[in-house]
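The structure under discussion appears below in the form of structure tokens.
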There are 2 protein chains.
Amino acid sequence: MVEAITPMERDFTQWYTDIVKKAELMDYTSVRGCMVIEPYGWAIWENIRNFLDARFKELGHENVSMPLFIPESLLNKEKDHIKGFAPEVAWVTMGGGEKLPERLCVRPTSETLFCEHYARVIHSYRDLPKLYNQWCSVVRWEKTTRPFLRSVEFHWQEGHTMHETAEEAVAETERMLKVYADFCENQLAMPVIKGRKTESEKFAGAEATYTIEAMMYDGKALQAGTSHYFGDGFAKAFDVTFQGRDNSLRHPFQTSWGMSTRIIGGIIMTHGDDDGLVLPPAVAPVQVVVVPVAQHKPGVLEKANEVAARLRKRFRVKLDDSDQTPGWKFAQYEMKGVPLRLEIGPKDIAKDQCVLVRRTDRQKIFTPLGGLEDAVAEQLETVRRQMYGRALERRESMTYEARTLEEMKELADAKPGLVKAMWCGDPACEAKIKEAAGLSSRCIPFEQEHLSDTCACCGRPADQMVYWGKAY
Amino acid sequence: MVEAITPMERDFTQWYTDIVKKAELMDYTSVRGCMVIEPYGWAIWENIRNFLDARFKELGHENVSMPLFIPESLLNKEKDHIKGFAPEVAWVTMGGGEKLPERLCVRPTSETLFCEHYARVIHSYRDLPKLYNQWCSVVRWEKTTRPFLRSVEFHWQEGHTMHETAEEAVAETERMLKVYADFCENQLAMPVIKGRKTESEKFAGAEATYTIEAMMYDGKALQAGTSHYFGDGFAKAFDVTFQGRDNSLRHPFQTSWGMSTRIIGGIIMTHGDDDGLVLPPAVAPVQVVVVPVAQHKPGVLEKANEVAARLRKRFRVKLDDSDQTPGWKFAQYEMKGVPLRLEIGPKDIAKDQCVLVRRTDRQKIFTPLGGLEDAVAEQLETVRRQMYGRALERRESMTYEARTLEEMKELADAKPGLVKAMWCGDPACEAKIKEAAGLSSRCIPFEQEHLSDTCACCGRPADQMVYWGKAY
């Protein structure tokens, strides 16, 4: 038997831990907060990477590779940035058996390295925009860690661009947020709220941080991707200049944006159920698992192989002809979140058909072998739509409105989910809401609603609605 | 004008440095020995990676991701391994503002991490073989560094496999060496010598190291890829066991194999000339550059765009319609090593043709636009064959035979290149040859020649021929 996992409603945290292990996504190591990402987990990340990478390139971005290390003096150049990151970096102090003359931090993010390079290669407005990206891992010395969601080392991509004007840079920041949002909604079937972070929640050194926020099964929010606008603050600190069209010397305007392996945690907690993982077809390492039924009977394995070979031309397919029972295999690939199962046995073969079973609702669809490819494509799209629909419905049913701090506290205590409430913009109110209700500001959404004229916390005039919640 | 580079014959080292900068492959940073790999350089690495990755996967390998850090106690477990690597590692001693209870080294290679994981996931012969690979960067605290050839941080892939029997592991070691050799010869047009390293040159902790050695333009050798057989030494040190077919508890047999960004240095020094880089078509970021001639004349840019769009369906194509002169563009893309140039101007258009020019010999080939795709494919193959042929011819003309240490010394002083000589197998002779002639053993080639019955150094009986040389 495939070993069962802890039910979600009994202990969501343990359910999550069970899934990452039982679905063979990762393994723990002797390095605190660092993990082995196993083949099945890494294949999900490769699919995410391949999709995003192609999208970035279509939009004109070029991949580069920056060093792993940042000298302390370089990290110190932009004051807000170092203030934000200093407490959570790892320092290399010894190399080749000797104490280093200057400490090197293991990059927690690479703005400083990109700026040092940009100062060398940007001279004229003709050199702009610079649209760079890199795929790498970064290190942040987190105290409490959880697989994928918060780890000391994590993988990501970090885009870093420089532009001639502030308008262009802001447009890039917004464009890349939209790329992330479209990816989450269309590929990962994960509904997201697009918005801006408050001053106290923005990235260290940024003028503005945009975010997409997703709601997990337990009602908590997950920041799924961010995009930052820096103005020319780093450019000034790093002396990046260019000759403008009017021959004057100017500073370029900068952005950065990132999505990380944390999104795998988001996929698990958005779509998973008590039988295991449920993977969006676009990133599932195996989209269709072929399970032969009564495989010892003549012709069954041959037919199963023939069908698998046909489907491999369009889909990622696994045929399991091991000597486990079909029941074991069903449970195993449900645990691994394979979106579609194809069963084929002697009776099906006699009728020139097979059975497709969706991971989402287990509905059995008897399908003629002629035109099977199109039927599979259609069912995968149905799975995606079902996943998106359920996640959206759940988010909507778990999003509440509050008009007072008291209401916010009651909701926070009684109902997991997001709370919409008006805010005056004062960081003091934001801090008070966090302290009193345990809710942090998730974002000021682009799609605003006018719930009332006054701040839920202080009662002063308020013209912006904020999403508040508990967050991963 | 495109700025000229130092001629190879005048100063080969400076020529190399000029190329990596002028072809925009890399930039220096303020971190000693670490570089920015710029878009053009990184695109070469991506092409290398995509080809090898597909090959590895075809052969059943799965990608994973191991931590960046290795705790000191874990690195210390295999005695020969730590002895080899301890002098050249970087140590993280501080994290999150506090001194760490145990130092973490930044991985110089990941055998120890893979073994720790294998000990947790290998239980039975049914779990074998484990065929894992990862793409990452590693750090070795080199004293003298050169872009791509020897850097503190470098990118590579490291395959790590575990097998039920020694025979299987040895076969894997040989199989992967052959994958590297085929890749170098067929894709990179780089002839290589396959062989085994001597005891003193093998990898720290390995029972045997296999290598492919290439000869650079200046006659020096470059180790282009290695494959190691570990026996069950690490498995014993890390307590990796499995239940065998006879129910007894056994240790699995291990391999590892790697190819790194150093190969980009090898491409430069194998194929480059005084006009710049010459890139093998298989990994060139731009395979065909389209240069319109008299582009202000009506219809020229339209036609150039049309031709470029047609070719993009099969090749990596760049159309340069900037306002630089055609002469500047010719020099610029020769510097960047683009294998094929396509010129098209009003006279060509009138004749429904274009001009193809090979980077290797600048021959102009007037080519009808009908069937252009096949003509381009054919010319790219010609470029590859020419590159391979020249490199092989050069290697053969610069490979010498020696029968005595005196002859080895004379050759080493007078003629750059490789020296074939018989060796008795005694490390003392190997050390003496290194000291007296400055030649290190490159490999004991699989393809042996019987030059004489005696060791060139000591005169005792010898039954193996070794390639000796100066090396990068």
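The values are calculated or read from the model by the stated rules, or taken from the named source; none is laboratory data. In this text the structure is predicted, and so the values were computed from the model without any measurement. In this analysis, Cβ positions are derived from the backbone assuming ideal geometry, glycine residues included, and neighbour counts consider all displayed protein chains.
Just one of the listed residues (B:ALA412, B:ALA350) is assigned by TED's automatic domain parsing to the domain that holds B:CYS458 and either over 26 Å from B:MET269 (Cα atoms) or in contact with a Lys or Arg (Cβ under 9 Å, 6 or more places away or on another chain) (or both), namely B:ALA412. Any residue in region A:157-164 that is without any contact (Cβ under 8 Å) to a residue 60 or more places away in the chain and hydroxyl-bearing (Ser, Thr, Tyr)? Within region A:157-164, none of the residues are without any contact (Cβ under 8 Å) to a residue 60 or more places away in the chain and hydroxyl-bearing (Ser, Thr, Tyr).
Select from region A:83-105 the residues that are crowded, with 19+ Cβ neighbours inside 10 Å, touching a helix residue (DSSP H, G or I) at 6+ places or on another chain (Cβ under 9 Å) and free of Cβ contacts under 8 Å to residues at least 24 places away in the same chain and list them in ascending order. The answer is A:TRP91, A:GLY95. The residue that is surrounded by the fewest Cβ atoms within 10 Å (Cβ to Cβ), among those in region A:131-144 that are at pLDDT below 95 and under 19 Å from A:GLY266 (Cα atoms), is A:THR144. Against the test of being surrounded by 19 or more Cβ atoms within 10 Å (Cβ to Cβ), over 21 Å from the mean Cα position of the chain (by Cα) and either within 8 Å of chain A (Cβ to nearest Cβ) or closer than 30 Å to B:TRP328 by Cβ (or both), the options B:ILE5, B:ILE19 yield a single qualifying residue, B:ILE5. Among residues of region A:313-329 that are under 16 Å from A:GLY276 (Cβ atoms), those with a beta-carbon under 8 Å from a residue that is assigned to a loop (DSSP other than H, G, I, E, B) and hydroxyl-bearing (Ser, Thr, Tyr) at least six positions away or on a different chain give the pairs A:LYS329/A:SER322.
Exactly one residue among B:VAL152, B:VAL121, B:VAL170 is more than 30 Å from A:SER65 (Cβ to Cβ), within 12 Å of chain A (Cβ to nearest Cβ), modelled with pLDDT of 95 or more and touching a strand residue (DSSP E or B) at 6+ places or on another chain (Cβ under 9 Å), and that residue is B:VAL121.
For A:THR367, the criteria (1) among the hydroxyl-bearing types (Ser, Thr, Tyr); (2) over 28 Å from the mean Cα position of the chain (by Cα); (3) under 30 Å from A:ALA471 (Cα atoms) hold in every case but one, which is (3). Residues that are under 18 Å from A:VAL138 (Cα atoms) and not polar (S, T, N, Q) within region A:54-72 comprise A:VAL64, A:MET66, A:PRO67, A:LEU68, A:PHE69, A:ILE70, A:PRO71, A:GLU72, listed in sequence order. From the list B:ILE267, B:ILE263, which residue is in the same structural domain as B:GLY33 (by TED's automatic domain parsing), of a type in the set (Val, Ile, Thr) and in contact with a strand residue (DSSP E or B) (Cβ under 8 Å, 6 or more places away or on another chain)? After ruling out the rest, the residue left standing is B:ILE263. For A:ARG55, the criteria (1) modelled with pLDDT under 95; (2) surrounded by fewer than 19 Cβ atoms within 10 Å (Cβ to Cβ); (3) not hydrophobic (A, V, I, L, M, F, W, C) hold in every case but one, which is (1).
Scan region A:69-81 for residues that are more than 7 Å from chain B (Cβ to nearest Cβ) and either free of Cβ contacts under 8 Å to residues at least 12 places away in the same chain or not aliphatic (A, V, I, L, M) (or both) and jot them down.
A:GLU72, A:SER73, A:ASN76, A:LYS77, A:GLU78, A:LYS79, A:ASP80, A:HIS81
Counting only helices (runs of 4 or more DSSP H) that fall entirely inside region A:31-130 and contain at least 3 residues that are over 26 Å from the mean Cα position of the chain (by Cα), the qualifying elements are A:72-75, A:111-121. Only one entry in B:VAL383, B:VAL376 is in contact with a Pro (Cβ under 6 Å, 6 or more places away or on another chain), more than 30 Å from B:GLU449 (Cβ to Cβ) and outside any strand (DSSP E or B), namely B:VAL383. Comparison of B:GLU164, B:GLU116, B:GLU174 shows that the only residue that is buried (at least 23 other Cβ atoms within 10 Å of the Cβ) and in contact with a Phe, Trp or Tyr (Cβ under 9 Å, 6 or more places away or on another chain) is B:GLU116. Going by the structure shown, is A:LYS236 out of contact with any strand residue (DSSP E or B) (no Cβ under 8 Å at 6 or more places or on another chain) and not acidic (Asp, Glu)? Yes: the conditions hold for A:LYS236. In region A:252-351, counting only helices (runs of 4 or more DSSP H) that sit wholly within it, the ones holding 3 or more residues that are under 30 Å from A:ARG10 (Cα atoms) and under 22 Å from the mean Cα position of the chain (by Cα) span A:262-271.
For the structure I just gave you, tell me whether A:GLY33 is within 11 Å of chain B (Cβ to nearest Cβ) and at pLDDT below 95. For A:GLY33, the condition - within 11 Å of chain B (Cβ to nearest Cβ) and at pLDDT below 95 - is met. Of the residues making up region A:131-156, those that are touching a residue at least 24 places away in the same chain (Cβ under 8 Å) and part of a loop (DSSP other than H, G, I, E, B) number 9.
In this structure, does B:SER110 turn out to be surrounded by 16 or more Cβ atoms within 10 Å (Cβ to Cβ), more than 9 Å from chain A (Cβ to nearest Cβ) and under 30 Å from B:ARG250 (Cα atoms)?
In short, yes.
Cβ-Cβ distances below 7 Å connect the following pairs, each with a first residue in region A:41-68 that is within 11 Å of chain B (Cβ to nearest Cβ), a second residue that is of a type in the set (Ser, Thr, Tyr), and a separation of six or more residues or different chains: A:TRP42/B:SER65; A:TRP45/A:THR261; A:HIS61/A:TYR132; A:GLU62/A:TYR132; A:VAL64/A:TYR132; A:MET66/A:SER110; A:PRO67/B:THR29; A:LEU68/B:SER137.
Exactly one condition in (1) over 15 Å from B:GLU153 (Cβ atoms); (2) within 11 Å of chain A (Cβ to nearest Cβ); (3) not hydroxyl-bearing (Ser, Thr, Tyr) is false for B:ALA90; which is it? Condition (1) is where B:ALA90 drops out.
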